[in-house]
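The block underneath contains the structure these notes are about, expressed in structure tokens.
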Amino acid sequence: MSVQRKTGYTLEQYLELESSTRVKHEYFRGEVFAMGGASFAHTVIAGNVVSALHGQLRGRPCRVSASDLRVKVDRTGLYTYPDVVVVCGAPQLEQPGDTLLNPGVIVEVISESTEAYDRGKKFEQYRSLDSLTDYILIAQDTVRAEHYSRQPDNRWLYAAENRVEGSIMLVSIGCALALAEVYEKVDGLREPTSAPYR
């Protein structure tokens, strides 16, 4: 996913821009980043994750949403659109507009151009969300999923899986993400390596 950057926006200008265009933008401290189109593999993986979690969450007080849901990191002022979000219980929404304040699980499908940001600065901001219990990074060019889960002492436990027969366990919402489902109908995957990331 490519990113184009503009500066000097107020929050009000950003929200007005979002309501007047179909292009999604991330906002942080006056900077607006236009999010370019995602690859075919990216969209298939995100759709597979939504489908897998939706089925497991039926009849339970949690909801899963795809990348059209804007999330605000209240403590830092970041407005962004994660690839997949799960919220349990009543969603807390900032007005005006539907901006979620209390995501429980965030999933990002990473590419070479977004991996460093998603793994570094973005996750640093996500960690300030009191509601966040799980953060998952999924590669789009090889079978690899990385899972950060918040522990009771507020540390983050890391686990990685690169076997297509493997799963990521989301204890906080009682779900499992089977990598066979995550990568279903995704073509051209490179052979996985034992390393958690490049």
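Run the paramagnetic zone check for LYS24: 7 angstrom along Cα to Cβ, then residues of segment 109-127 with backbone nitrogen under 15 Å. What the label zone holds, given the 15 Å backbone N cut-off, is 109-111, 114, 118. Packing-based ranking of 162-168, 152-158 yields 162-168, 152-158, ordered from highest to lowest mean Cβ neighbour count within 10 Å.
Projecting the alpha carbon convex hull of segment 20-130 along each direction and taking the average yields 7.4 nm². Where both bridge residues fall in segment 4-137, DSSP classifies roughly 75% of the beta bridges as antiparallel. Spatial offset of segment 104-128 relative to segment 1-80 amounts to 12 Å, using the alpha carbon center of each. With all projection directions averaged, the alpha carbon convex hull of segment 73-170 covers 6.9 nm². Solvent exposure of segment 1-150 amounts to 46 Å² per residue of accessible area, where only protein heavy atoms count and the probe is 1.4 Å. Share of pairwise Cα-Cα distances greater than 15 Å in segment 49-90 is 47 percent (whole percent).
Each eigenvalue of the Cα gyration tensor of segment 83-127, multiplied by 5 and square-rooted, gives one semi-axis; in descending order these are 23, 11, 10 Å.
Just grab the label-to-label distance for GLN95 and GLU31, each label 7 Å out from Cα along the Cβ direction, in nm (one decimal). For the pair GLN95/GLU31, the computed spacing is 3.3 nm. Here, segment 104-151 has an Rg and a Dmax of 10.6, 31 Å when only alpha carbons are counted. 3J(HN,Hα) along segment 158-169, derived from phi through the Karplus expression 6.51 cos²θ - 1.76 cosθ + 1.60 where θ = phi - 60°, amounts to 9, 9, 10, 9, 10, 9, 4, 8, x, 9, 10, 8 Hz, with x in place of Gly and Pro. In percent, rounded to a whole number, the relative contact order of segment 66-155 is 24, using alpha-carbon pairs under 8 Å and six or more apart. In segment 49-198, the DSSP beta bridges split such that about 75 percent are antiparallel, to the nearest 5. Note on the chain: with a GNM built from Cα contacts shorter than 10 Å, the maximum mean-square fluctuation among ALA41, ALA160, ALA90 falls on ALA90.
Relative to the longest principal axis of the Cα atoms of the chain, the long axis of helix 40-57 lies at roughly 80 degrees. Estimated from helices alone, the mean residue ellipticity of the chain at 222 nm is -6000 deg cm²/dmol (sum of -39500 (n - 2.57) over DSSP H runs with n ≥ 4, per residue). Taking amide H atoms as placed 1.01 Å from N in the peptide plane, the amide H of LYS24 lies under 5 Å from those of MET35, each 5 or more residues away in sequence or on another chain.
Pairs with C-alpha atoms separated by more than 20 Å, drawn from the list LYS24/LYS72; LYS72/LYS185; LYS122/LYS185; LYS72/LYS121, are LYS72/LYS185; LYS122/LYS185. Taking 4.7 Å between C-beta atoms as the pairing limit, the chain has these partnerless cysteines: CYS175.
Compared with the rule-of-thumb size 2.2 N^0.38 Å for a compact globular protein, the chain has a Cα radius of gyration ratio of 1.00.
The values are calculated or read from the model by the stated rules, or taken from the named source; none is laboratory data. Nothing here was measured: the structure is a model prediction, and the numbers come from that model. Note: ideal-geometry Cβ built from the backbone for every residue, glycine included; neighbour counts use all protein chains shown. Only protein heavy atoms, including side chains, enter the accessible area calculation; ligands, DNA and RNA are left aside. Shrake-Rupley method; radii C 1.70, N 1.55, O 1.52, S 1.80 Å.
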